[in-house]
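The values are calculated or read from the model by the stated rules, or taken from the named source; none is laboratory data. All values derive from a computational prediction rather than experimental measurement. Positions of Cβ are backbone-derived with ideal geometry, glycine not excepted, and every protein chain shown enters the neighbour counts. Accessible surface areas use protein heavy atoms only, side chains included; no ligands, DNA or RNA. Shrake-Rupley method; radii C 1.70, N 1.55, O 1.52, S 1.80 Å.
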Amino acid sequence: MRNIIAITTALMLASPLLAAPASGDDPSLARARAVLKAQPIIDGHNDWPEQLRGQFGEKWWGVDLNADSRKFEKPLQTDIPRLHAGMVGGQFWSVWVPAGTTGAAAVKATLEQIDIVRGIVARHPKDFELASTAADVRRIQKTGKVASMMGVEGGSQIDNSLPALRMFYDLGVRYVTLTHVRHNDWADSANEAPRQEPLTAFGKAVVGEMNRIGMIVDLSHVSEGTMKAVLAMTRAPVMFSHSSARAVTDHPRNVSDEVLKLVAANGGIVMVNYAPGYVSRKRMEWEAARAGIKATYNAPPYSGLYIGQPERAAVALAEWDKANPMPAVTLAEVADHIDHIAKVAGHDYVGIGGDLDGIDTTPTGLEGVETYPALIAELLRRGWSDADCRKLAGGNILRVMEGVEKVSAGLRGQVPSALTP
């Protein structure tokens, strides 16, 4: 599907720098560009570094990051020209490693991912600059560069080590997602059955140490029990770097109205995700049905109509796909999630965390980082004010960063925690 999207988009666009209709063709788009000139996009989550490493390995250093990455063997959703076309002024780059990678291996892999982000910035100083504070972001985005920060996407990546957490901070990491798709020793994930204690004493110590050093607590991927436990004890604003509204699409990765109200009381932010299965109930049901059919055909080592016959299983799955086409998801549906969060929590507590290059397919109209102005234009057409769109684009996450920095400044005199699980 991503190939189809990429080819279609490439045919529509003569150049990656012309990623949207000319502003004169659409008054809302012209207005959106003016909004983003005043406050560029600061996106909460993008997996481009991991995709570069996954596709090219150590040879990523030789890849032309100014090339149209839609033409790569595996098309990507990010490249330098499209970042500028999308009016991106700040990006939290995910330094993700698989949840199954644990212990010292997880720390090592995280350091290697951090090295990729720092390498991208070092290779392209005219386009990127590392940012440590909200003030850095404000300064850098005025230059036309992308202020670059990092997010560790899974608490298991610190290997139960507060010193590792502190060292990640010193290397430029500005948030840690407390879990990924599996529980870790001290916090519950949304993807597994809840445990009696969603956040252990050590988990609370992790949150406390993050507050102390100025690391943002990211609650994407965690269970609702973990969300509530953190919100009950954190001293600093939290973020959901890439989550959507559960009342719109009932997926456990999304945020319930009850929690949205707690986020508003905390002064935090929910940055809306583009992942089609989180955006659309129809797409979520289709993905679940397809996963079940795939297991029906071949589920080693004991089950499957065509167990041990991967070729026959693949043919059968292709026939099912033909008979059950994947439901389309649209930009308007993403805007529905943004609208809902703004109505329940308020316009001050919503942002954008597209999860680009962390998802195989995107909503139509949001195929890559060049499309942010189109999303802002849709909200303007719905009656959003320019001021509220500026908050959504970047103002709200800057406020969260400043709030976290303020709390940290008041706690820096404390002795670092030495707790272990």
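About the Cα centre of the chain, how large is the charge dipole given +1 on each Lys and Arg Cβ and -1 on each Asp and Glu Cβ? Please answer in debye to the nearest 20. It comes to approximately 680 debye.
From largest to smallest, the equivalent ellipsoid semi-axes obtained for the stretch 91-188 from the alpha-carbon gyration tensor read 27, 13, 11 Å.
For Y306, the amide hydrogen comes within under 5 Å of the amide hydrogens of N298, counting only partners 5 or more places away or on other chains and with H modelled in the peptide plane. Taking amide H atoms as placed 1.01 Å from N in the peptide plane, the amide H of A190 lies under 5 Å from those of V222, S223, each 5 or more residues away in sequence or on another chain. The residues W48, W61, W286, sorted by heavy-atom accessible surface at 1.4 Å with ligands and nucleic acids left out, run W61, W286, W48 from largest to smallest.
Tell me, in nm to one decimal, what length is gained between E402 and V415 on full extension, where the rule is 0.36 nm per residue of separation less the Cα-Cα distance?
2.4 nm
Once both labels are positioned 7 Å from their Cα atoms along Cα-to-Cβ, the gap between E73 and A232 label points is 5.1 nm. Can you find, among V117, Y302, P416, the residue farthest towards the positive end of the dipole of the chain? Put +1 on the C-beta of Lys and Arg, -1 on that of Asp and Glu. Of the candidates, P416 comes out farthest on the positive side. Of the residues H251, L398, L219, the one whose Cα sits farthest towards the positive end of the charge dipole of the chain is L398 (charges of +1 on Lys and Arg Cβ, -1 on Asp and Glu Cβ, taken about the Cα centre).
Average projection, convex hull of the Cα set of the stretch 17-159: 9.4 square nanometres. The label-point distance for D115 and K343, in a model that sets each label 7 Å from Cα toward Cβ, rounds to 4.9 nm. Taking square-rooted eigenvalues a ≥ b ≥ c of the alpha carbon gyration tensor, is the stretch 306-421 rounded, prolate or oblate, where a/c under 1.5 means rounded and, failing that, a/b exceeding b/c means prolate? Oblate.
Per residue of the chain, the DSSP helices (runs of n ≥ 4 H) give a summed -39500 (n - 2.57) that works out to -13500 deg cm²/dmol at 222 nm.
With a cut-off of 8 Å between alpha carbons and a minimum separation of six or more residues, what is the relative contact order of the chain in percent? The value is 21 percent.
For the stretch 76-85, the Karplus equation 6.51 cos²θ - 1.76 cosθ + 1.60, evaluated at θ = phi - 60°, returns couplings of 10, 9, 9, 7, 5, x, 6, 4, 5, 5 Hz by residue, with Gly and Pro reported as x.
Round to the nearest 0.05 the FRET efficiency obtained for A314 and K108 when R0 = 41 Å and r is the Cβ-Cβ distance. Computed FRET efficiency for A314 and K108 comes out at 0.70. The slack between K59 and R290, meaning 0.36 nm per residue of separation minus the straight C-alpha distance, is 79.7 nm.
What is the projected area of the convex hull of the Cα atoms of the chain, averaged over all directions, in nm²? Don't skip to the end; give the middle numbers.
Details: hull surface 81.6 nm².
So the mean shadow area of the Cα hull is 20.4 nm².
With the simple spin-label model, which puts each label point 7 Å out from Cα in the Cβ direction, the N324 to K37 separation comes to 4.9 nm. The relative contact order of the stretch 240-282 comes to 48 percent, based on Cα pairs under 8 Å that sit 6 or more residues apart. Close amide-amide hydrogen proximity is noted between G154 and T177, each under 5 Å apart and 5 or more residues distant or on a separate chain (H modeled in the peptide plane; Pro and chain starts excluded).
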